[in-house]
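What follows is a set of notes on a single structure, which appears directly below.
The values are calculated or read from the model by the stated rules, or taken from the named source; none is laboratory data. Please read these numbers as outputs of a predicted model, since none were measured by experiment. Calculation scope for accessible area: heavy atoms of the full protein, side chains included, ligands and nucleic acids excluded. Shrake-Rupley method; radii C 1.70, N 1.55, O 1.52, S 1.80 Å.
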Amino acid sequence: MRAVAILFFFLSLSSSVFADKEVKELQIGVKYKPETCELKARKGDTVRVHYRGKLTDGTVFDSSFERGDPISFELGTGQVIKGWDQGLLGTCVGEKRKLKIPAKLGYGEQGSPPTIPGGATLIFETELVEILGKNSKAEDEEL
């Protein structure tokens, strides 16, 4: 009977640990922010971002860091998953963020086989490399 109680304890403990990994809403953690921030990423800006994407078990499914080639896209226009469009708004060049993205803002219940299972919470370590937005383009044209 004691062995059953101990087993039940460990099973309940492990299920609560795994339950904590399921994210219901976007979570944004700022890991590094530059001392000065003259320009923040806004909707419609073209941005260059380095990233490492992981599942909650730590499996890395993609990483621009290893390739040495940041991704470029227009922020807030649906070119990337919703978690990125929302989670990178207001980021400064050089800023590093950790995004925990629920399935509904990632790849949904269908996932992205074979690397991302359906319903997966995604964890991204990101670093904004460059903003090519309207303000920075206008400044470049004036020079």
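Would you check which residues across region 89-124 are open to solvent by 10 Å² or more (accessible area, probe 1.4 Å) and closer than 20 Å to CYS37 by Cα and list them?
Within region 89-124, LEU89, GLY90, VAL93, GLY94, LYS96, ARG97, LYS98 meet the criteria.
Tell me which of these VAL30 doesn't satisfy, since it passes every other one: (1) closer than 12 Å to LEU128 by Cα; (2) at pLDDT below 95.
Just one mismatch for VAL30, condition (2).
Yes/no matrix, rows are residues, columns are (1) under 18 Å from ILE131 (Cα atoms); (2) small (Gly, Ala, Ser):
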residue: CYS37; (1), (2): yes, no
residue: GLY44; (1), (2): yes, yes
residue: SER63; (1), (2): no, yes
residue: ASP69; (1), (2): yes, no
residue: ILE81; (1), (2): no, no
